[in-house]
Amino acid sequence: MCNMTTTDRQRTTLFFNPQIIKHAKAQAVIEETTLTALIEKALIKYLPEQTIIKKAVIK
């Protein structure tokens, strides 16, 4: 996982189902981590290592 400082982070607002957040918070407590770290870990595991976006060619 990335070693980031708070200056390397970006604040964002997301809207989640309250039950998912409740479950995630409980899991973070079990893992003795923060909700932020838990969500980052899940996203890193889910996302591909690299995303390539190609521009559409319009003819």
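Translational diffusion of the chain was estimated from the Stokes-Einstein equation, with Rh taken as the Kirkwood radius over Cα pairs; at 25 °C and 0.890 mPa s the coefficient is 173 µm²/s.
Compared with the dominant principal axis of the Cα atoms in the chain, helix 35-46 is inclined by about 40°.
Annotation: aspartates and glutamates with alpha-carbon distance below 19 angstrom to Lys22 (same-chain offsets under eight excluded): Glu31, Glu32, Glu40. Here the label points at Lys45 and Ala24, each 7 Å from Cα along the C-beta direction, are separated by 1.4 nm in the simple model. Taking the number of Cβ atoms within 10 Å of each Cβ as an exposure proxy, the fewest-first ranking of Ile21, Ile44 is Ile44, Ile21.
Only the coordinates and a few stated rules stand behind these numbers; no lab work does. Quick caveat, the model's predicted, so the values are computed rather than measured. Every residue, glycine as well, gets a Cβ built from its backbone with ideal geometry; the counts of neighbours run over all protein chains shown.
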